[in-house]
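The structure appears below as structure tokens.
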Amino acid sequence: MKNATSVKCNNGTFVGKETDELIIWKGIPYATQPVGKLRWKKALPAADDDGVYDATKPGHVPIGPSNDSEGTAEFGEDCLVLNIYCNTRCTGGQRPVMVWIHGGGFCAESQASPLYDLSHIAKQCPDILFVSIDYRLGFMGFMNFERVPGGEHFKEAGNLGLLDQLEALRWIQKNIAGFGGDPDNVTIFGESAGSASVTFLPLIDGSEGLFRRCIAQSANIAYTDTMEHGIHVTQNFLTAAGCQTMDQLMALTTEELVEAYQKAVVIDKNSLLGAANFPLLDGVTLPEDRAILYEMWGDEKRAKIDLLLGSNQDEIRYFVPLEGGEEGFADTLRWIARKDRTLLNDEEKAQYDAFMATLAGESEGRRLEQYCNDINFRAGNTDMAIRHAAAGGNTYMYFVKKPVLTSELGVIHAAELPFLFDTYIVDPMGSGEKVGTNECEFRHVVKEMWANFARTGNPSTGKYEWKQFSGEDRRTMVFDDTIGMQKDLFGRREDLMMSWARRLGNGSSKRVC
């Protein structure tokens, strides 16, 4: 690829900025923006355009509960944009492409967050082209309008955020070669809601051929809501907006939408995961039955996709500060476990008791944490991985026990991100310190393994051989004081909850109706 900041795409020529070994393009629109009559409509392809556009500033941040750009960008409905990071030290074309999908419970955050700055990893992996994308969130991206007058014209509103991501991947297929990327070697990777997105996208019609590999960090297809729950969420938003019909919603200004969004988040505060709007089992974009999602990961089509997935040791302790401290956190976990058990049949209740019995030597708090870790993260991961591997898929599993992000919380949800991206997280316990900046082998190994997987489909390094996962031995790459493969890491306790995890998703952590 020529060392040029100007690249012609189907929807315009975009001029980026070269700085410190990188050319970075920011705020490139990948779709027709969902504004005006297109609000709450499926994203349309970006129209062909011969204009020349500046691509040195972030695009608008998707409307959400807060703006995480630290003043670099403003909220906007015209938020379907992407950033591209190209290392100038590698001049060859046809580079592997890694597309980052950010987390935030499907209701918050953006690629403009300093945590998701891909410039550092792009400098250390010069032969890979990195892309990050934004998509509609929460009340703008995952809504059920079927009981709202006029809502019959918005049947795809339940999963607009996922459909946005697919449109971004279509734009990448069409244009990435101009930036030096290989459209036939695209890896999608994400954490939390981004990870769940990575596991949903291969199951949506029209996704075939848009990517070759998936890296799912922590979340999975458990992160869906029923249409019934969607009605509850929609009603809260209508109340906050002071609207009763789609015509009234469509007439709101962007400023009024932002205000309504932030009011509705408070109204919809719900159990552990708060006001997160998850993708809906709408029967349009996703099946109505969550169990079908798992079955699809075991079919021939998905077996063609390479899959790397895993979780962190203390995922659920991310929510300790959000629940007001250890006491409030423990009370919430007790409520979740009790509520889940009431939703089980007799056979599942026996399995639930057997699951808790496997942790008999642990304190009550630790048992509850492990239950919530497994129902929210690990059971779904293992279920998917077993099916994918059995179908002949190239499957790799990981588990992070070190490094600890904070001594109070451990290896919490998102703890790996500052090490992967060489960024930081502000201490969740409120000290104001930047954590995740300590030097350790994991910081270097995780980048090398992720990049190797994107290059070849095999994350092994010269020092560490990463063997494929199978349902028989469940070999997992464990990041600890020592790094290496282990078998049957959890003694197969996740199997005891798979039946209701498949049916109920992530349990009462996200259930109000």
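Report, by residue number, each residue of the stretch 428-449 that is touching a residue at least 24 places away in the same chain (Cβ under 8 Å), at negative phi and either out of contact with any Ser or Thr (no Cβ under 8 Å at 6 or more places or on another chain) or polar (S, T, N, Q) (or both). Scanning the stretch 428-449 gives 438, 440, 441, 442, 443, 446, 447. If the condition is being within 20 Å of residue 138 (Cβ to Cβ) and either open to solvent by 70 Å² or more (accessible area, probe 1.4 Å) or touching a Cys at 6+ places or on another chain (Cβ under 6 Å) (or both), then the stretch 67-85 contributes only 74. As a summary of the residue check, residue 369 satisfies the conditions (1) over 26 Å from residue 473 (Cα atoms); (2) in contact (Cβ under 8 Å) with a residue 40 or more places away in the chain except for the one numbered (1).
For the stretch 349-370, indicate whether the set of residues that are in contact with a strand residue (DSSP E or B) (Cβ under 8 Å, 6 or more places away or on another chain) and closer than 20 Å to residue 505 by Cβ is non-empty.
Pass one, the stretch 349-370, residues in contact with a strand residue (DSSP E or B) (Cβ under 8 Å, 6 or more places away or on another chain): none.
The answer is no; no qualifying residue exists.
Only a single item in (1) out of contact with any strand residue (DSSP E or B) (no Cβ under 6 Å at 6 or more places or on another chain); (2) modelled with pLDDT of 95 or more; (3) open to solvent by 10 Å² or more (accessible area, probe 1.4 Å) is not met by residue 135, and it is number (3).
From the list 345, 373, the one residue that fits, being polar (S, T, N, Q) and within 19 Å of the chain's Cα centre (by Cα), is 373. Can residue 59 be described as without any contact (Cβ under 8 Å) to a residue 24 or more places away in the chain and within 24 Å of residue 109 (Cα to Cα)? No: the conditions fail for residue 59.
Which one is least open to solvent (accessible area, probe 1.4 Å), of the residues in the stretch 445-490 that are among the small types (Gly, Ala, Ser) and in a loop (DSSP other than H, G, I, E, B)? It would help to see each step written out before you state the result.
Initially, the stretch 445-490 is screened for residues among the small types (Gly, Ala, Ser), giving 451, 454, 457, 460, 462, 470-471, 484.
Next, only the ones that are in a loop (DSSP other than H, G, I, E, B) stay: 457, 460, 462, 470-471.
Working: 457: 2, 460: 28, 462: 90, 470: 26, 471: 19 Å².
My answer is 457.
I'm checking my understanding of the structure. Among residues of the stretch 98-112 that are touching a helix residue (DSSP H, G or I) at 6+ places or on another chain (Cβ under 6 Å) and on the phi < 0 side of the Ramachandran plot, which one is most open to solvent (accessible area, probe 1.4 Å)?
If we filter the stretch 98-112 for residues that are touching a helix residue (DSSP H, G or I) at 6+ places or on another chain (Cβ under 6 Å), which is where we start, we get 98, 101-107.
Restricting the remaining residues to those that are on the phi < 0 side of the Ramachandran plot gives 98, 101-103, 107.
Values: 98: 2, 101: 2, 102: 1, 103: 1, 107: 18 Å².
Among those residues, the one meeting the criterion is 107.
Return the residues of the stretch 9-51 that are under 18 Å from residue 153 (Cβ atoms), assigned to a loop (DSSP other than H, G, I, E, B) and open to solvent by 40 Å² or more (accessible area, probe 1.4 Å); say none if nothing qualifies. Matches in the stretch 9-51: 35, 41, 42.
When the stretch 156-183 is limited to residues that are more than 20 Å from the chain's Cα centre (by Cα) and aliphatic (A, V, I, L, M), the one that is least open to solvent (accessible area, probe 1.4 Å) turns out to be 176. Here residue 299 clears all of (1) open to solvent by less than 50 Å² (accessible area, probe 1.4 Å); (2) free of Cβ contacts under 8 Å to residues at least 60 places away in the same chain; (3) among the acidic types (Asp, Glu) except the condition numbered (2).
One residue alone among 415, 389, 330, 350 is touching a residue at least 60 places away in the same chain (Cβ under 8 Å), open to solvent by 10 Å² or more (accessible area, probe 1.4 Å) and either in contact with a helix residue (DSSP H, G or I) (Cβ under 6 Å, 6 or more places away or on another chain) or not acidic (Asp, Glu) (or both), and that residue is 389. Filtered by the rule that a residue be in contact with a strand residue (DSSP E or B) (Cβ under 8 Å, 6 or more places away or on another chain), closer than 17 Å to residue 115 by Cβ and part of a helix (DSSP H, G or I), the stretch 383-419 gives 417, 418.
The values are calculated or read from the model by the stated rules, or taken from the named source; none is laboratory data. Keep in mind that what you see is a predicted model, and the values were worked out from it rather than measured. Using ideal geometry, Cβ is built from the backbone for each residue, glycine included, and neighbour counts are taken over all protein chains shown. Heads up: the accessible areas ignore ligands, DNA and RNA and are worked out on the full protein's heavy atoms, side chains in. Shrake-Rupley method; radii C 1.70, N 1.55, O 1.52, S 1.80 Å.
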